[in-house]
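Engineer: I have a structure I would like to understand better, so I am pasting it below and will then ask my questions one at a time.
The values are calculated or read from the model by the stated rules, or taken from the named source; none is laboratory data. In this text, all values refer to a predicted model and were calculated from it rather than measured experimentally. FYI the Cβ positions are ideal-geometry reconstructions off the backbone, even for glycines, and counts take in every protein chain you see. When the accessible area is computed, the model is the full protein with side chains, heavy atoms only, and any ligands, DNA or RNA have been set aside. Shrake-Rupley method; radii C 1.70, N 1.55, O 1.52, S 1.80 Å.
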Amino acid sequence: MSEQNITRIHLNGKELILIGTAHVSKQSAEEVKQVIEAEQPDSVCVELDEQRYQSITADNKWKDMDIFKVIKEKKATLLLMNLFISSFQKRMAKQFDIKPGQEMIQGIESAKETGAELVLADRNIQITFSRIWHGVGLWGRAKLLMSIVYSVFNNEEISEEELERLKTEDMLNTMLHDLTVSFPRLKKPLIDERDQYLAQKIKEAPGDKVVAVLGAAHVPGIKEQIKQDHDLDRLNERPKKSIAPSIIGWMIPILILGMIGYAFYTNPSVGADLTLSWVLWNSAFAAIGAAIAFGHPLTILTALILAPLTSLYPLLAAGWFAGLVEAYIRKPKVADFESLSDDVYSVKGFWSNNVTRILLVVVLTNLGSTLGTVIGGADVVRQFMQNIFG
């Protein structure tokens, strides 16, 4: 058994054994197996949270998903991003003939075989995404989404340089590598905070001997952070939402309704023109979004009719209604859920699978409605100023 990728730390009477794994190396899984069998630890920590643990251990997890509940709980975008990541992992697996997360799966299996307690040591991926989302700003969010989408639909082979980086980074870091260069602040929630979280969970793991299965990129940071105590509750906090977007969200419809109402009062024909402009821009872009997602004609009609109304009430969104209609008309079958992990590998699969099409309907309709609100609102203001004030 080679000690090259193993770091041993003695702290407060405990022996902590960190295994730095390579996510695209078949040898890492075998090394994890050998170390755990030889050391017989009391606990085995793996770099997973509950969601990712279920993702790699439950083959039928998609079959239990309630798509209506996903839409109603406003989780369509998050689920779509998770599927994009799954697609990226699938492409990696195909090129390197590996199973993503194999070293983590081996850690889980070896923990069961040796009777060690399994500890899911990483922070919830939704909280990490939430803290990333909060820290990069509007332009950063756009680049983040584009980076993830590009990684899914880019069919180029991984270069030798990228291959070397993949051997020392976890999958999330790999996908967002370019973004961390553009936005250095991203490093804190993506890497630094997770190093702190992992270090604390490893320290708190039960027993006198603990083995931790980690991506090699995290080992140096954990070696430093494990010397200090970290507040897990603080690291688990979701960023407080700013009230500014909410205020703006309510001010826009009030402003638009005020202009239209005043226009009708002073000149009904101008009021009618403003109303028509608002309706046409909102309806057109929302319907286009639903159409791009290959939504059912009734789904597109729903987006067309409801977008001008939902845009005036910030607590509602046209995409939710369009998604519910799409889910009702084209309710996903068992086969859609069974083939989901394969379908997310290609553009055709994303648009043909009923599950992902519904998610695309929600996201693209909302995106279209937002764009329609911006353009339509600007056009209403322009016509109002032109006609009322000359």
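Engineer: Counting just the residues of region 87-145 that are touching a Pro at 6+ places or on another chain (Cβ under 9 Å), hydroxyl-bearing (Ser, Thr, Tyr) and under 18 Å from residue 51 (Cα atoms), which one comes out modelled with the lowest pLDDT?
Structural biologist: The extreme case among them is 130.
Engineer: Tell me yes or no: at least one residue of region 69-79 is out of contact with any Gly (no Cβ under 7 Å at 6 or more places or on another chain), at pLDDT below 70, among the polar types (S, T, N, Q) and part of a helix (DSSP H, G or I).
Structural biologist: Checked region 69-79: at least one residue is out of contact with any Gly (no Cβ under 7 Å at 6 or more places or on another chain), at pLDDT below 70, among the polar types (S, T, N, Q) and part of a helix (DSSP H, G or I).
Engineer: I need the full set of residues from region 354-368 which are among the hydroxyl-bearing types (Ser, Thr, Tyr) and open to solvent by 30 Å² or more (accessible area, probe 1.4 Å), in order please.
Structural biologist: Those that are among the hydroxyl-bearing types (Ser, Thr, Tyr) and open to solvent by 30 Å² or more (accessible area, probe 1.4 Å): none in region 354-368.
Engineer: Against the definition (surrounded by 13 or more Cβ atoms within 10 Å (Cβ to Cβ), hydrophobic (A, V, I, L, M, F, W, C), over 23 Å from the mean Cα position of the chain (by Cα) and modelled with pLDDT of 65 or more), how does residue 17 come out, yes or no?
Structural biologist: Spelling it out, residue 17 is indeed surrounded by 13 or more Cβ atoms within 10 Å (Cβ to Cβ), hydrophobic (A, V, I, L, M, F, W, C), over 23 Å from the mean Cα position of the chain (by Cα) and modelled with pLDDT of 65 or more.
Engineer: Continuing with the same structure: Within region 237-253, which residues are in contact with a Lys or Arg (Cβ under 9 Å, 6 or more places away or on another chain) and open to solvent by less than 50 Å² (accessible area, probe 1.4 Å)?
Structural biologist: Across region 237-253, the qualifying residue is only 239.
Engineer: While we're looking at this one, here's another question. Just one of 59, 42, 49 is touching a Pro at 6+ places or on another chain (Cβ under 7 Å) and either modelled with pLDDT of 80 or more or surrounded by fewer than 21 Cβ atoms within 10 Å (Cβ to Cβ) (or both); which is it?
Structural biologist: Answer to the selection: 42.
Engineer: Select from region 184-220 the residues that are closer than 21 Å to residue 13 by Cα and outside any helix (DSSP H, G or I) and list them in ascending order.
Structural biologist: Across region 184-220, the qualifying residues are 205, 206, 207, 208, 209, 210, 211, 212, 213.
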